[in-house]
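What follows draws every value from the coordinates through simple rules; no lab data is involved. From a predicted model like this one, the values you see are computed outputs, not experimental measurements. Please note: Cβ atoms are built from the backbone with ideal geometry, for glycine as well, and neighbour counts cover all protein chains shown.
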């Protein structure tokens with residue numbers, strides 16, 4: 001179902017139980033009820049005025065694109081078939097990704113300045129291609145950091161960036177693990193319990209670095225020059 005007929009304040013699709021795809025963009029939508037649509041696999045609701053979104057009953061959802069809204073929190077823990085989630089430019093404070101996902105390679109949550117922690121199940125790691133704002137942590141327990149903008153005891157910075165040889169880590173605590181992934185998601189370098197890592201042999205390009213500090217994963221992006 002595609003709606004592109006202009007302004008629409010609210011939309012209740014509870015009567016359409018067989019709905020599999022919904023595309024509604026730029027309609028100033030502020031309320032969307034899809035709780036009774038168990039067959040829904042794809043949802044696009046970009047450029048609306050949504051402040052909340054409940055997808056806990058939509059367990060077949062694979063793709064959600066809801067950029068440029070006002071969504072403050074989202075529970076994705078029941079959506080184990082989720083493949084791609086794009087919440088760029090919202091007002092996120094809480095995001096629950098603690099589900100048992102089959103394959104979840106694409107997550108875009110950049111431009112959510114109040115989001116500091118994403119909940120994940122114990123032992124899970126963020127995808128190597130996931131995109132988030134600098135300083136966002138992934139943890140099984142976000143209660144102590146949700147909505148807190150400054151976390152000096154957990155903050156990490158890296159230098160130089162771009163880097164040629166040694167990458168240095170500035171952190172109050174030494175990371176227990178450091179993992180570097182290339183743009184394809186392959187692990188290309190790793191280290192434990194140190195505040196520097198040699199990247200001299202890496203090819204030029206963009207990389208994602210995962211730091212484990214006190215059981216939390218902090219993600220940074222670097223450029224190899």
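Computed FRET efficiency, Cβ-Cβ of residue 157 and residue 100, R0 30 Å: what is it to the nearest 0.05?
So, using R0 = 30 Å, E works out to roughly 0.35.
Got the relative contact order for segment 156-224 handy, in percent, Cα pairs under 8 Å and 6 or more residues apart?
Working: 151 pairs, mean separation 23.3, N = 69.
After rounding, I find 34 percent.
List residues of segment 1-33, by number, whose backbone nitrogen lies under 12 Å from a label position 7 Å along Cα→C-beta of residue 70.
Only 28-31 fall inside the zone, counting backbone N under 12 Å.
Among 44-51, 184-191, how do they line up by average Cβ neighbours within 10 Å per residue, starting with the highest?
Ranked from most to least packed, the peptides come out as 44-51, 184-191.
Expressed as a rounded percentage, what relative contact order does segment 1-120 have, with Cα pairs under 8 Å and six or more residues apart?
Working: 337 pairs, mean separation 20.8, N = 120.
Dividing the mean separation by the residue count of segment 1-120 yields 17 percent.
Once the Cα gyration tensor of segment 16-81 is found, what semi-axes does its equivalent ellipsoid get, as square roots of 5 times the eigenvalues, in whole Å, sorted largest first?
18, 13, 10
Using a Gaussian network model of the chain with C-alpha springs under 10 Å, which one of 62, 18, 110 is most mobile by mean-square fluctuation?
Fluctuation is largest for 18.
Report the extension gain between residue 59 and residue 2 in nm, rounded to one decimal, defined as 0.36 nm multiplied by the number of residues separating them, less their alpha carbon distance. Don't skip to the end; give the middle numbers.
Numbers: separation 57, 0.36 × 57 = 20.52 nm, distance 2.08 nm.
Stretched out fully, the residue 59 to residue 2 stretch lengthens by 18.4 nm.
Over the chain, what relative contact order in percent results from Cα pairs under 8 Å that are six or more residues apart? Please report the intermediate quantities before stating the final value.
On the way: 611 pairs, mean separation 24.7, N = 225.
Value for the chain: 11 percent.
Assuming R0 = 41 Å, can you tell me the calculated FRET efficiency for the pair residue 42 and residue 188, based on Cβ-Cβ distance, to the nearest 0.05? Intermediate results must be reported in sequence, preceding the final value.
Values: r = 33 Å, r/R0 = 0.81.
For residue 42 and residue 188, the calculated efficiency is 0.80.
Out of all DSSP beta bridges in the chain, what portion is antiparallel? Express it as a percent rounded to 5.
On the way: 27 of 55 bridges.
Of all bridge pairs located within the chain, approximately 50 percent are antiparallel.
List, largest first, the extents of the alpha carbons of segment 156-224 along their principal axes, each in whole Å.
Taking the Cα atoms of segment 156-224, the three principal extents are 30, 22, 16 Å.
Within segment 182-225, which residues have the backbone N less than 18 Å from the label spot 7 Å out from residue 176 along Cα→beta-carbon, could you tell me?
190-196, 210-219
Over segment 1-152, with a single point scatterer placed on each C-alpha, what log10 of the ratio I(q)/I(0) does the Debye formula yield at q = 0.13, 0.18, 0.20 1/Å?
Computed log10 I(q)/I(0) values: -0.56, -1.06, -1.27.
Please build a GNM for the chain, connecting alpha carbons under 10 Å apart, and tell me which residue among 212, 64, 158 fluctuates the most.
Per the Cα network of the chain with a 10 Å cutoff, 158 tops the list.
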